[in-house]
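Chemist: Supplied in structure tokens, the structure appears directly below.
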Amino acid sequence: MQLVLQIITLIGSVAMLMYGLKVMSEGLQKMAGSKLSNVLGTATTNRFTGVLTGAFITAAVQSSTATTVMTVSFVSAGILSLAQAISVIMGANIGTTFTAWIMVLGGGSFDLRLVVYTAIVLAVALIYTKKNANLGDFLMGLSLLLLGLTTLKINATEMHLDEMTPVRNFFMATSSWGYGSYFLYLLVGGVLTFAVQSSAAIMAITMTLCSTHVLPIDMGISLVLGENIGTTITSNIVALSASVQARRAAMAHLVFNLFGVIWVLCVFRWFVGNVCKIWGVEFEPGVPSDVSPDKLNAILATFHTAFNVINTCILIGFIPYLEKLVCYIIPSKPEQKDTDSQLRFISGGLMSTSELSILQAWKEVHVFAVRAQRMIGMVHDLFYEEDNQQFAMIYSRIEKYEGICDRMEYEIAQYLNEVADGRLSDQSKHEVHKMLRIVSELESVGDANFNLSRYIKHKHEAKIAFNENQTKNVEQMIYLVTSAQTMMVEALERVSITQDEFFQMTNMEAEINNFRDELKSQNMASITEKEYDYSTGVNYMDIILELEKMGDYIINVEEAVYEHKHDK
């Protein structure tokens, strides 16, 4: 019964550690998620700044998954080149080693429980004040992580694993096969990391096994190598539904780590021996080291850091060749060149926190607005096109884009609904509501463009000819709506709009409405005076009124962005 309780405690402490790391990461990302994403999009001017950016972001948010998923989505959107993404991923591998050092410092020989419980009380107080809730989340996550580590260490010590004959015999047997043992533990580390989706949890278990003198240090390091392979699976899964470039970025992550594992295995015992010497430990292959747990944990963390830093130093000069290799592994396909119908930022699923998911959704909304904006240019070309074949091609393209708008509205709204199911602050819930309103209005802009194309098609097929004044008025109305749409797209790109810009937009919307009223009066007078027949007047006003409706949808988007900015 005692053994069952100890096993349950062991599993529970690992679960607490994983949950603590997740909460800590979420708290950090809530405090600085958007800023870190902006850094990722701008601070990658060359391969060295890319590595530093990836390392900084990963160390800051304590999640290499968050960094790699953002990187994959940025590559898919064309914000980062493949070479830039590879450098960021290299940096992310360095940044993720910071977690191991937290475990070394938090899992030392002293009992942290009194400090941890005090920190939990403070964290709860901060969370309930709401003003500093994100800081409270971070502190709570760090406390749970350290509590999980402490409980794991104490429980493992009480279990006396090194005195359990079956456990000792198992590790002795599987550690006596030389390099075969290394390959076995490497495989186990990769499979376990992929299964639990947390390299930190496997690192904690590895440290526990080594520090209790059950697992030899070289076998523990083999598990660490396997963790580096297993953690790359996440980004490759995320990229499956993304663009070719995104899949290549994820594949580069895998190739980078595979290369590192191959070269380090060639000099494995020499490398491990030198890392042990740093901490004054004599390395004996396949034999548990009889030194303090703190030193064994420090050796594992030192190897993890040294491996990723050296691997990056080796490969940073070969990024162009690595890029060519992944392009060869994942070749382009002709049918994948047109990506207008694909989501760019959220195709990989939810980010590690709702706030980062919302940030990615804003970027996708901007892409949606850009695609809707293209349609008004097509409508303009359609209005002046006289060649039947060219007319049919433009009309077909507008029809295709209308379908794209419908799909984007559905997919973004579905994504936002999934985000809303997570832990959201009141502000974030309000933000999701605004975004749902915006995507609905953008879909209406797409519908209005398609309706315009239908009216123009009717004009073309019925051979309705507008006089010079009518053509000039339609051109002016298209110009006003296009100008408004350009301002809308710029506002969505920044997710911000100044008061002066909003007043300018409302004045433009009033100008569109006044122009519509003026043209309605002129149209009735022109029909009465027989300047053109009634059917021509109806078709003419259908186009004018649909353009005015589009102006209403655009101002509705502007209002939502302005309210979002003003409410903050």
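Chemist: Most exposed first by the Cβ proxy, i.e. fewest other Cβ within 10 Å, how do 327, 276 rank?
Modeler: 327, 276
Chemist: Measuring from centroid to centroid over Cα atoms, what is the spacing of region 290-311 and region 437-506 in Å?
Modeler: What the calculation gives is 61 Å, centre to centre.
Chemist: Another question, if that's okay. Sorting check: for 116-127, 140-151, 369-380, which peptide has the highest mean count of neighbouring beta carbons within 10 Å, and how do the rest follow?
Modeler: Result, highest mean first: 140-151, 369-380, 116-127.
Chemist: From the phi of every residue in region 377-388, what ³J(HN,Hα) in whole Hz does the Karplus formula 6.51 cos²θ - 1.76 cosθ + 1.60 yield, where θ is phi - 60° and glycine or proline is x?
Modeler: Per residue, the Karplus-derived 3J(HN,Hα) values read x, 5, 4, 4, 5, 5, 4, 9, 6, 10, 5, 4 Hz.
Chemist: Under 19 Å from a point placed 7 Å out from the Cα of residue 529 along the Cα-to-Cβ direction: which residues of region 461-482 have their backbone N that close?
Modeler: Flagged as within label range: 466-474.
Chemist: Would you list which aspartates and glutamates come within 18 Å of residue 459, measuring only between C-alpha atoms, while excluding same-chain residues fewer than 8 positions from it?
Modeler: Counting by Cα, and skipping residues close in sequence, residue 459 has these aspartates and glutamates nearby: 381, 385, 386, 387, 399, 468, 475, 531, 533, 542, 546.
Chemist: Then there's this: Order by neighbour count: 318, 515, 303, fewest other Cβ atoms within 10 Å first, most last.
Modeler: Starting with the residue having the fewest Cβ neighbours, the order is 318, 515, 303.
Chemist: If each residue of separation counts as 0.36 nm, what is the full-extension length gain between residue 263 and residue 387 once their alpha-carbon separation is subtracted?
Modeler: Extra length from residue 263 to residue 387 when fully extended: 38.3 nm.
Chemist: Using packing as a proxy for protection, rank 502-514, 220-232, 192-204 so that the peptide with the highest average count of other Cβ atoms within 10 Å comes first.
Modeler: Output ranking for 502-514, 220-232, 192-204: 220-232, 192-204, 502-514.
Chemist: Quick one: if you stick a label point 7 Å off each Cα along the C-beta vector at residue 461 and residue 510, how many nm between them?
Modeler: 4.1
Chemist: Counting other beta carbons within 10 Å of each Cβ, put 455, 179, 415 in order, fewest first.
Modeler: So the residues, fewest neighbours to most, are 179, 455, 415.
Chemist: Report, as a whole number in µm² per second, the diffusion coefficient that Stokes-Einstein gives for region 354-567 at 20 °C and 1.002 mPa s using the Kirkwood radius over alpha carbon pairs.
Modeler: Rounded to a whole number, D works out at 118 µm²/s.
Any read-out appearing in this document is the output of simple, stated calculations on the displayed coordinates, not a laboratory observation. Quick caveat, the model's predicted, so the values are computed rather than measured. A quick note on method: Cβ atoms are made from the backbone with ideal geometry, for glycine too, and the neighbour counts reach across all protein chains shown.
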